[in-house]
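The values are calculated or read from the model by the stated rules, or taken from the named source; none is laboratory data. All values derive from a computational prediction rather than experimental measurement. Positions of Cβ are backbone-derived with ideal geometry, glycine not excepted, and every protein chain shown enters the neighbour counts.
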Amino acid sequence: MKKALTSCSRIEQSKSGKHCALGLSLAALLFAGNVAQAALIETTLGNNNPGFAAGSSTSFSQVSSAQSGQPAPFDQGYGNDLLSNFNQSWTFNFAAINDPIQSAQIAFGIVDTDSGSPGDQIDFFSVDGVDLTASLNSLFEASASATGVYDVFTLSLNSIFSNLTDGSVTVALGLKGPVVNRGIPGVTQDQTVNFNGAALIYSTLSIQTQTTNNNVPEPSVLLLMMSGLLSVFGFKARNARFS
């Protein structure tokens with residue numbers, strides 16, 4: 001396109017110059033009709049505005065209020081540090097994706113992972129059947145949170161684009177013990193327990209796609225436009241010869 005513009009700029013104002021301008025106009029029309037645009041597909045389950053910030057300690061009443069009225073497993077705490085581990089799954093549903101995916105990520109907010117305890121607290125983590133346990137475990141270890149702390153974890157899904165196109169993505173998360181429940185300094189001692197319960201607050205799936213604007217006129221319409229413009233140039237040129 002750039003070369004064509006340079007060539008036409010050297011053509012004097014003549015009939016051939018006008019035809020060149022006509023060609024450039026039609027080429028620009030075709031080019032503009034195929035501009036790539038980005039589109040964001042984002043779906044959230046649970047409460048992504050719970051009223052407390054990531055990294056903050058929470059109370060039972062705060063967590064209960066944030067989870068009130070939400071769908072499972074965002075509706076209450078699951079598992080119990082004394083009895084059983086957190087083990088839940090959730091599914092995102094959206095329109096099937098036909099355009100190329102540029103990037104994707106999943107985020108979720110969760111209370112009381114006890115990630116500051118010795119060892120690993122992730123039993124399993126998968127997105128649409130793809131095992132991402134190691135990736136999430138690295139984030140857990142970096143957060144090193146104590147009992148009752150609210151954390152938000154964000155993971156890239158750029159390695160599993162093919163799993164995201166069908167419009168349904170299931171996420172599964174399992175935690176494990178033992179964990180250390182921190183005591184109150186000077187009042188109670190730390191206690192090691194065998195299980196790891198938690199409260200899931202929200203989860204968001206974000207997918208960035210590339211769409212193409214194909215609003216290009218049909219070939220017959222382009223031909224009609226070209227014929228009309230050529231007729232106008234021809235009429236003006238003929239009048240110029242007889243003036």
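Just the residues that are surrounded by 16 or more Cβ atoms within 10 Å (Cβ to Cβ), in contact (Cβ under 8 Å) with a residue 60 or more places away in the chain and in a strand (DSSP E or B), please, taken from the range 106-163.
ILE106, PHE108, GLY109, ILE110, VAL111, VAL149, TYR150, ASP151, VAL152, listed by residue number.
Determine whether GLN67 is under 28 Å from GLY116 (Cβ atoms), touching an Asp or Glu at 6+ places or on another chain (Cβ under 6 Å), of a type outside the set (A, V, I, L, M, F, W, C) and touching a residue at least 60 places away in the same chain (Cβ under 8 Å).
yes
Here is a yes/no grid of residues against (1) over 25 Å from ALA107 (Cα atoms); (2) in the same structural domain as PHE52 (by TED's automatic domain parsing); (3) modelled with pLDDT of 90 or more:
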| residue | (1), (2), (3) |
| --- | --- |
| LEU164 | no, yes, yes |
| VAL169 | no, yes, yes |
| GLY174 | no, yes, yes |
| ARG182 | yes, yes, no |
| ALA198 | no, yes, yes |
| GLU218 | yes, no, no |
| MET226 | yes, no, no |
| PHE233 | yes, no, no |
| ALA237 | yes, no, no |
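Let me spell it out: the conditions are (1) within 19 Å of the chain's Cα centre (by Cα); (2) at pLDDT 95 or above; (3) not in a loop (DSSP other than H, G, I, E, B), and ASN49 meets all of them except one. Which number is the exception?
Against the list (1) within 19 Å of the chain's Cα centre (by Cα); (2) at pLDDT 95 or above; (3) not in a loop (DSSP other than H, G, I, E, B), ASN49 comes up short only on (3).
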